[in-house]
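Each value in this text was obtained by applying a stated rule to the coordinates, not by laboratory testing. Note that the structure is a prediction, hence the values are computed from the model and not measured. Positions of Cβ are backbone-derived with ideal geometry, glycine not excepted, and every protein chain shown enters the neighbour counts.
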Amino acid sequence: MVHAEYDIQKGAYNSAGEASADIKRKLQQLGISPVTLRRVAVSSYEMEMNIIIHSLGGTMGLCVDKDWITLSSKDQGPGIEDVELAMSEGYSTADDDARSMGFGAGMGLPNMKRNADDFRITSQLGEGTQITITFKVM
Amino acid sequence: MTVQELMALAQARELTPGLALDGGVTCGYVCDLLSWVMARGQAGMAWVTVQTHMNVVAVASLHEMACVILPDGILMDEAPLEKAREEGIVVLSSQLSAYELCGLMYAGGLAAPAR
């Protein structure tokens, strides 16, 4: 059983990817297969970037047991107005700074959903967004 | 094809000297949208991009890519280069355009990533 939690700051582009890199290292040490590792790495990076680009800051968690890998995120707002719209590929509310760095393609949430075995998102405008994604250990 | 051979093909110079260049390159890709690359990246990929910030290194490293190639003589700042050295990601810079680089890479036998 492995647990880890990471604080992710709003706009922290320079340290972006560090939590995902640590998650990948931990899973490599556990001997997780490269195929699963890739799926988790893509999802964790998107999860991390979403907090950095869109939220006021939040946390990201990793939990691994014998059969499942779970990634979760919880941010401090501002929440998503229309979750269904946010889930559609190509839709993004990223600002110009994020777009100039190559973010804001509207692929983040769809990438997470595509790679996970189970994807859950809840969001409350003015409060925040929580995402939980799970991967079966292959 | 090794990174060394790709460097010659791309008429490129290395911005991360000291890293091994004998690693195998498995496929090529060109894109400047990071989420797009995150969705399609693969181990051993040679990625052509005009983006030069820290997150380029993060994406390349998470996918265990072979190298990043900057076209049009573009250079990278020292901070991301330092990160690239730490992560073992070779960064190359070529005077050729992204279009020319991809043409050479494809003709040289580097396929697109498997779908």
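Helical content alone sets the calculated 222 nm signal of chain A at -10500 deg cm²/dmol, taking -39,500 (n - 2.57) per DSSP H segment of four or more residues and averaging over every residue.
Counted as membrane-span-like here are DSSP H helices of chain A whose alpha-carbon atoms extend 18 Å or more along the helix's own axis and whose Kyte-Doolittle mean is 0.0 or above; these are A:34-54. With 0.36 nm allotted per residue and the present C-alpha distance subtracted, the A:Thr59-A:Ser33 stretch has 6.8 nm of extension available.
Annotation for A:His3 and B:Ala43: the two label points, set 7 Å from Cα along the Cα-Cβ direction, are 3.1 nm apart. Taking every C-alpha pair closer than 8 Å and separated by at least 6 residues, the mean separation divided by the residue count of region A:2-136 gives a relative contact order of 27 percent. Would you mind getting me the FRET efficiency between A:Leu125 and A:Glu18? Use the beta-carbon distance for r and R0 = 35 Å, nearest 0.05. With R0 = 35 Å, the Cβ-Cβ based efficiency is 0.75. For the residues of A:100-109, the average number of beta carbons from a partner chain within 10 Å of their own beta carbon is 6.
For the peptide B:48-59, the mean number of other protein chain Cβ atoms found within 10 angstrom of a residue's Cβ is 4. When peptides A:7-13, A:108-114 are ranked by their average number of other Cβ atoms within 10 Å per residue, the highest-first order is A:108-114, A:7-13. Taking all Cα pairs closer than 8 Å and separated by 6 or more residues, the relative contact order of chain B comes to 34 percent. The mean count of C-beta atoms from other chains within 10 Å of the C-beta of residues in A:67-77, rounded to a whole number, is 0. With N as its number of residues, chain B has a Cα radius of gyration that, divided by 2.2 N^0.38 Å, comes to 0.91.
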